[in-house]
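A.B. asks: Got a structure here, written out as structure tokens. Questions coming.
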Amino acid sequence: MPLRLLPSTLVDRIAAGEVVERPAAALKEIVENALDAGATRVEIVIDGGGRRLLRVTDDGCGMNADELALAVERHATSKLDSEDLLAIHTLGFRGEALPSIGAVARLAITSRPREAESAFEIRVEGGAKAPVRPAALGFGTRVEVRDLFFATPARLKFLKSERAETAAAIDTVKRLALARPEVGFTLIADDRPPLTWPARSRDPAGQRARIADVLGQEAGGNALDVEGLREGARLSGLAGLPTYSKANSLSQYLFVNGRPVRDKVLIGAIRAAYSDLLPSDRHPVTALFIDLDPREVDVNVHPAKTEVRFRDAGNIRALIFRTLTDALTSGAPRTTSTAADRLAQFARRDFDTSFRPEARPGNHDWTRSWAAPEGLAGTRPAEAGTGFREAPARFHFDAPEGGLGLGLAPGADARANAAPAAPEALERPLGAARAQLHETYIIAQTSDGVVVIDQHAAHERIVYEKLKAAMARDGLARQMLLVPLVVELDPSEAARLAERAPALEKLGLVVEPFGAGALLVREVPALLGGADITALLRELAEHAAEWDDALPLERRLLHIAATMACHGSVRAGRRLRVEEMNALLREMEETPNAAQCNHGRPTFVTLALADIERLFARR
């Protein structure tokens with residue numbers, strides 16, 4: 001086949017395949033043009049997932065008739081001051097978006113500069129350009145895209161449902177709205193209620209307000225402010241609490257010099273920072289903004305401009321990891337603010353409205369029935385310091401004739417007067433221990449509420465952080481066993497674990513092969529105390545296959561340390577004395593990342609008095 005030049009219309013359609021992948025991609029290019037034009041208000045209308053209609057109206061600088069004619073020509077742009085592609089300060093600069101959209105859709109652009117007496121319009125249908133003509137419009141620009149991909153019907157087969165395409169378009173607008181808090185946005189999508197995000201200031205307060213506008217008050221209330229600087233690169237924004245996470249990474253909003261991006265370097269650094277705080281199937285909510293010299297980042301990697309390449313990717317990775325780690329480990333432990341709301345939902349769901357003693361005829365005085373001079377009937381206050389080692393007496397209430405009989409058998413000691421709280425302890429973040437429920441949960445009282453602590457999860461985090469600190473400082477202290485322990489395993493698991501013996505030794509666990517399908521344990525970490533070493537070895541053997549060579553040694557060691565911490569911590573079902581519970585609370589307050597265990601589960605839930613009052617409909 002001889003060489004030939006392709007027709008310009010076909011060239012435009014090929015380019016459109018790179019730039020206009022779906023309606024959301026076309027919308028992104030148009031809104032970016034509005035932002036680069038200095039718009040302070042942007043209105044967006046979406047119909048049919050963007051296939052039938054995309055309309056973007058802005059109050060930017062506008063274009064005159066000559067500029068309109070150039071706007072739909074390939075490689076025509078007003079966003080490059082020179083030929084230096086390493087100093088990009090705008091969102092769009094390629095000059096491909098509008099002609100590419102016009103090649104596969106019916107495009108109409110109407111624009112009017114502020115100083116112009118009238119507006120002008122140009123239309124492009126399937127690549128065919130119409131002459132510029134006068135039109136009616138206030139200052140700014142309106143871009144309408146109708147019947148997207150009508151000129152390339154095959155592309156329509158690859159689009160998803162209207163609902164999915166609408167969701168993708170809305171997500172695109174959210175990312176651009178987060179990038180520019182000083183711009184007001186109005187979004188009207190199909191039959192959904194309109195979304196309006198007012199203009200905010202460019203300072204951190206305005207940034208947080210815009211994040212709350214776009215992502216919701218729940219996200220804004222469960223995030224930490226982050227601020228970091230490293231070798232000329234600056235990081236700011238919000239990082240979600242580990243206890244407020246999502247099932248996918250779609251809620252990770254990343255911006256480089258005001259440009260929304262999806263970059264593997266950034267996502268990997270975020271994942272590493274949260275690796276000790278979240279389960280492997282959960283993802284944090286973040287809105288992070290990176291600002292650096294434009295010459296240090298290449299935004300010209302992909303036509304869609306969603307990918308970037310950093311000159312020093314290691315510096316950016318370290319900036320994100322260190323800043324997020326510092327923010328997540330500093331200050332008192334925090335959990336998601338939605339915990340009380342979830343409890344309230346459970347209470348409303350499980351509450352049986354038919355159980356209302358006052359509504360039953362013949363009921364006797366329940367207030368007098370429940371009164372007991374020394375706490376609950378059948379219990380007696382214990383002296384402070386003696387602990388809760390005696391189970392409370394089981395008791396039974398027999399209602400009078402015509403009344404309602406209840407058999408009550410508490411499963412734990414919940415005597416609030418058993419452990420008088422020191423006033424200074426009530427002012428601590430986790431308060432003073434008052435009771436232990438089901439030999440698993442510690443109930444603590446603060447000056448303005450109640451804290452429920454999972455004793456195993458809390459101690460697991462404490463042990464894990466001690467293991468990490470010891471590793472970083474001078475290695476783990478080891479304890480030699482008087483009699484070496486033989487652990488029977490599956491032969492393949494035993495062989496795999498034996499190969500990892502050097503890594504295990506760095507954590508104080510010294511093992512060696514002992515025949516087929518067995519390991520000999522000679523030394524164990526002193527921090528583990530009386531942990532079940534056999535169960536620990538068996539669990540490590542199950543996970544050894546996951547420690548491939550692609551995983552850095554440090555991460556493999558931390559995985560092992562997390563497993564060891566789980567086996568070396570206080571188990572659920574163990575009764576604790578008051579002194580032990582308070583000591584655990586004080587250690588939690590001094591331990592980094594104490595709000596969640598190594599597996600990402602919360603270690604405590606805080607209920608303010610106001611939350612408790614809502615549970616009982618007092619508010």
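What follows draws every value from the coordinates through simple rules; no lab data is involved. Please read these numbers as outputs of a predicted model, since none were measured by experiment. Every residue, glycine among them, receives a Cβ derived from its backbone with ideal geometry; neighbour counts consider all protein chains shown.
A.B. asks: To the nearest 20 Debye, how big is the dipole of the range 169-309 about its Cα centre, given +1 on the beta carbon of each Lys and Arg and -1 on that of each Asp and Glu? If you can, show how the numbers build up before the last one.
C.D. replies: Details: 19 positive and 18 negative charges, 32 e Å.
My answer is approximately 160 debye.
A.B. asks: Sticking with this structure for a sec: For the pair residue 483/residue 230, report the inter-label distance in nm, with labels modelled 7 Å from Cα in the Cβ direction.
C.D. replies: Between residue 483 and residue 230, the simple spin-label model gives 5.1 nm.
A.B. asks: Work out, step by step, the length gained on full extension between residue 196 and residue 264: first 0.36 nm times the residue separation, then minus their alpha carbon distance; give nm to one decimal. Provide the component values of the computation, followed by the final result.
C.D. replies: Numbers: separation 68, 0.36 × 68 = 24.48 nm, distance 3.13 nm.
Here the answer is 21.4 nm.
A.B. asks: For residue 311, enumerate residues with amide H under 5 Å from its amide H, sequence gap 5+ or separate chain, H modeled in the peptide plane.
C.D. replies: Here the answer is 297, 298, since their amide H atoms fall under 5 Å of that of residue 311.
A.B. asks: Past the 19 Å Cα-Cα mark, which pairs from 129/157; 466/506; 174/246; 264/506?
C.D. replies: Values: 129/157 26 Å; 466/506 15 Å; 174/246 17 Å; 264/506 31 Å.
Beyond 19 Å between Cα atoms: 129/157; 264/506.
A.B. asks: Run the numbers for residue 522 and residue 492: contour at 0.36 nm per residue of separation, minus the present Cα-Cα distance, in nm.
C.D. replies: So the extension gain works out to 8.7 nm.
A.B. asks: Suppose R0 equals 25 Å; then what is the FRET efficiency for residue 448 and residue 577 from their Cβ-Cβ distance, rounded to the nearest 0.05? List each step's numbers first, then the result.
C.D. replies: Details: r = 26 Å, r/R0 = 1.04.
E(calc), rounded to 0.05, equals 0.45.
A.B. asks: Near the amide H of residue 449, under 5 Å away, which other amide H atoms are found, from residues 5 or more places off or on another chain, if H is placed in the peptide plane?
C.D. replies: Hits under the 5 Å cutoff: 609.
A.B. asks: Classify the range 110-182 as rounded, prolate or oblate from the Cα gyration tensor: take a ≥ b ≥ c as the square roots of its eigenvalues, call it rounded if a/c is under 1.5, otherwise prolate when a/b beats b/c and oblate if not. Intermediate results must be reported in sequence, preceding the final value.
C.D. replies: Values: a/c = 3.81, a/b = 1.29, b/c = 2.95.
It comes out oblate by the Cα gyration axes.
A.B. asks: What are the ³J(HN,Hα) couplings of the range 242-255, residue after residue, when phi is run through the Karplus curve with 6.51, -1.76, 1.60 and θ = phi - 60°? Round to Hz, x for glycine and proline.
C.D. replies: For the range 242-255, the Karplus curve yields x, 6, 10, 10, 10, 7, 9, 9, 5, 8, 9, 9, 10, 9 Hz.
A.B. asks: If r is the Cβ-Cβ distance from residue 205 to residue 281 and R0 is 30 Å, what FRET efficiency results, to the nearest 0.05? Can you show the working numbers first?
C.D. replies: On the way: r = 34 Å, r/R0 = 1.14.
Working from the Cβ atoms, E equals 0.30.
A.B. asks: Under the rule of at least 5 residues apart or a separate chain, name every residue whose amide H is placed under 5 Å from the amide H of residue 64.
C.D. replies: none
A.B. asks: If neighbour count is taken as other Cβ atoms inside 10 Å, put 192, 230 in order from fewest to most.
C.D. replies: Details: 192 11, 230 16.
Ranked by crowding around the Cβ, least crowded first: 192, 230.
A.B. asks: By its C-alpha gyration tensor, with a ≥ b ≥ c as the square roots of the eigenvalues, how is the range 8-197 shaped: rounded for a/c under 1.5, else prolate for a/b larger than b/c, else oblate? Walk me through the intermediate numbers first.
C.D. replies: Values: a/c = 1.32, a/b = 1.09, b/c = 1.21.
Because its axes are fairly even, with a/c under 1.5, the range 8-197 counts as rounded.
A.B. asks: Follow-up question, since we're still on this one. Calculate, in nm to one decimal, what residue 424 and residue 163 gain on full extension: separation in residues at 0.36 nm each, minus their alpha carbon distance.
C.D. replies: On the way: separation 261, 0.36 × 261 = 93.96 nm, distance 5.55 nm.
Gain in length upon complete extension: 88.4 nm.
A.B. asks: Same structure, new question: Going by Cα centres, the range 458-508 and the range 593-609 are how many Å apart?
C.D. replies: 26
A.B. asks: Report ³J(HN,Hα) in whole Hz for each residue of the range 424-433, in order, from the Karplus equation J = 6.51 cos²θ - 1.76 cosθ + 1.60 where θ = phi - 60°; Gly and Pro get x.
C.D. replies: Those phi angles translate into 5, 5, 5, 8, 6, x, 9, x, 10, 5 Hz.
A.B. asks: Please state the shape class of the range 265-323: rounded when a/c is under 1.5, otherwise prolate if a/b exceeds b/c and oblate if not, all from the C-alpha gyration tensor.
C.D. replies: Values: a/c = 2.58, a/b = 1.74, b/c = 1.48.
The shape class here is prolate.
A.B. asks: Further, regarding this structure: Using the Karplus curve 6.51 cos²θ - 1.76 cosθ + 1.60 with θ = phi - 60°, what ³J(HN,Hα) values do you get for each residue of the range 592-604, in whole Hz, with x for Gly and Pro?
C.D. replies: x, 6, 6, 7, 8, 7, 5, 8, x, 7, x, 9, 8
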